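Student: Once you've had a glance at the structure underneath, I'll fire off some questions.
The values are calculated or read from the model by the stated rules, or taken from the named source; none is laboratory data. All values derive from a computational prediction rather than experimental measurement. Backbone-built Cβ (ideal geometry, glycine too); neighbour counts: all protein chains shown. Areas reflect the complete protein model, heavy atoms only, side chains present, ligands, DNA and RNA absent. Shrake-Rupley method; radii C 1.70, N 1.55, O 1.52, S 1.80 Å.
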Amino acid sequence: MVINIISVKVVVKVCTIISILKLVIVGFLLACGVAIVIKGQGHLENFSKSSFAGSNPNITDYGLAFYFALYSYQSWNSLNFMTEELKAPERTLPIGGGLGMTGVTFSYVLANVAYLLMFRVSFIMDTTTIAMDSGMLAFGKIGWFIMLIGLLLSCLGCLTGGVFTLARNIQSTGESGLFPQWTSYVSPLLSTPVAGVVITCMTTSVYLFFDVVFLIPCLSTAEWFFYFITFVSLLVFRYRLPKQHRPVKVPIFIPIALTIITFAFVILPLFNPKTRMSVGIGFGFIALGAILYYMRIFITKLCMPSAGVMEVQKPYAIKKSSSTDSGLGDI
């Protein structure tokens, strides 16, 4: 939290350094797999049999599996929260998103190849510390310690980047009038959204009291539901405003495909008894948010008939910066 309050540039540098170190750790993990194969202890048979051998034929479990798998890729949408602070976002967004997703996918594939080289599939499914087990098997306690440090750095980078982006989301919501105006507060000295950072850290700390197996389906339900709405909205605007200028435009088949996929991700876990309760709670949060939203509109119209709830406001208590309209520095 402190880093995100101090400076935008510091956060960017920290995240960049940690990203490079994570790639080094992935390289070390692959080296562990190669070392095990050289020792003659590798499990090359994992690559000779069918990838779907012994898999679960229940289609509702696939939605749950995608929730857990795609949770690791959730940073793909974080760059969108930073549009106001990006230099040439129409160029940076497609390049950053494309390179980022490609790099992450490639890294995860290499990591899984390393795991399959070192362990039986049954062991991979049962263990909860697969990365540290890999280091221990290949290089003993030194390898175990290196992988432990790598995991800690990975968590630090994820948390720092998450707070960095979500704080801007809260700031933007405050500026639009959906949240109280003070939530859009940007420090005139540090040019960082202090209120958004504090709110993000306070609310996300509540998650520490819940199990991740419960949290991921619960939160992913709301997340993928809004992704579905976003893609549907994009298709509607493409149809109603075909000639509208769009700085970033993708082929129409992409939002069509993503609309179908996200709809499946939202619906399938509802029919899975393992996640029915957590998914139901996720939809309950969406319903609660909608109720509070319309309550605020009603109260605002009742108390201040001339006020517009959706009126865009200036960032609260901030001196206008020369770099961007929001008062935040460019990246």
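Matching residues to (1) touching an Asp or Glu at 6+ places or on another chain (Cβ under 9 Å); (2) not in a helix (DSSP H, G or I):
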| position | (1), (2) |
| --- | --- |
| Thr160 | no, no |
| Val163 | no, no |
| Arg168 | yes, no |
| Gly174 | no, no |
| Ser187 | no, yes |
| Val197 | no, no |
| Cys201 | no, no |
| Val213 | no, no |
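Student: Quick check on my filter: what residues within the range 34-49 are over 14 Å from Val113 (Cα atoms) and at pLDDT 80 or above?
Tutor: Matches in the range 34-49: Ile38 only.
Student: Can I ask one more? Only residues that are free of Cβ contacts under 8 Å to residues at least 40 places away in the same chain and buried (at least 16 other Cβ atoms within 10 Å of the Cβ): list them for the range 262-286, please.
Tutor: Passing the criteria: Thr262, Phe263.
Student: Only residues that are in contact (Cβ under 8 Å) with a residue 24 or more places away in the chain and within 20 Å of the chain's Cα centre (by Cα): list them for the range 185-209, please.
Tutor: Across the range 185-209, the qualifying residues are Pro193, Gly196, Val197, Val198, Ile199, Thr200, Cys201, Thr204.
Student: Return yes when Val10 is hydrophobic (A, V, I, L, M, F, W, C) and surrounded by 15 or more Cβ atoms within 10 Å (Cβ to Cβ) and no when it is not. Break it down stepwise before answering.
Tutor: Numbers: hydrophobic (A, V, I, L, M, F, W, C): yes; surrounded by 15 or more Cβ atoms within 10 Å (Cβ to Cβ): yes.
Yes.
Student: Further question: Given the options Tyr67, Tyr108, Tyr115, name the one that is open to solvent by 40 Å² or more (accessible area, probe 1.4 Å), on the phi < 0 side of the Ramachandran plot and assigned to a helix (DSSP H, G or I).
Tutor: Tyr108
Student: From the list Phe231, Phe179, which residue is assigned to a helix (DSSP H, G or I) and either touching a His at 6+ places or on another chain (Cβ under 8 Å) or not charged (D, E, K, R) (or both)?
Tutor: Phe231
Student: In the range 173-191, how many residues are in contact with a Leu (Cβ under 9 Å, 6 or more places away or on another chain) and modelled with pLDDT of 80 or more?
Tutor: The number of residues fulfilling the criteria is 1.
Student: Restricting to the range 70-99, and then to whatever is surrounded by 14 or more Cβ atoms within 10 Å (Cβ to Cβ), aliphatic (A, V, I, L, M) and at pLDDT 75 or above, can you tell me which residue is nearest to Val266 (Cα to Cα)?
Tutor: Across the range 70-99, the extreme among qualifying residues is Leu70.
Student: Continuing with this model, one more query. So Thr128 clears everything in (1) assigned to a helix (DSSP H, G or I); (2) among the β-branched types (Val, Ile, Thr); (3) surrounded by fewer than 18 Cβ atoms within 10 Å (Cβ to Cβ) except one condition, right? Which one?
Tutor: Looking at each condition in turn, Thr128 falls short on (1).
Student: Oh, and also: Name the residue that is nearest to Leu79 (Cα to Cα), counting only residues in the range 177-188 that are open to solvent by less than 30 Å² (accessible area, probe 1.4 Å) and among the hydroxyl-bearing types (Ser, Thr, Tyr).
Tutor: Ser184
Student: Is it true that some residue in the range 210-219 is open to solvent by 60 Å² or more (accessible area, probe 1.4 Å) and either over 24 Å from the mean Cα position of the chain (by Cα) or in contact (Cβ under 8 Å) with a residue 60 or more places away in the chain (or both)?
Tutor: Yes, there is a match, as at least one residue in the range 210-219 is open to solvent by 60 Å² or more (accessible area, probe 1.4 Å) and either over 24 Å from the mean Cα position of the chain (by Cα) or in contact (Cβ under 8 Å) with a residue 60 or more places away in the chain (or both).
Student: For Arg168, all conditions in the list (1) in contact with a Gly (Cβ under 9 Å, 6 or more places away or on another chain); (2) at pLDDT below 80 hold save one; what is the number of the exception?
Tutor: (2)
Student: Also, I was wondering about something else. Consider the range 64-89. How many of its residues are more than 16 Å from the chain's Cα centre (by Cα) and under 19 Å from Met125 (Cβ atoms)?
Tutor: Matching residues across the range 64-89 total 2.
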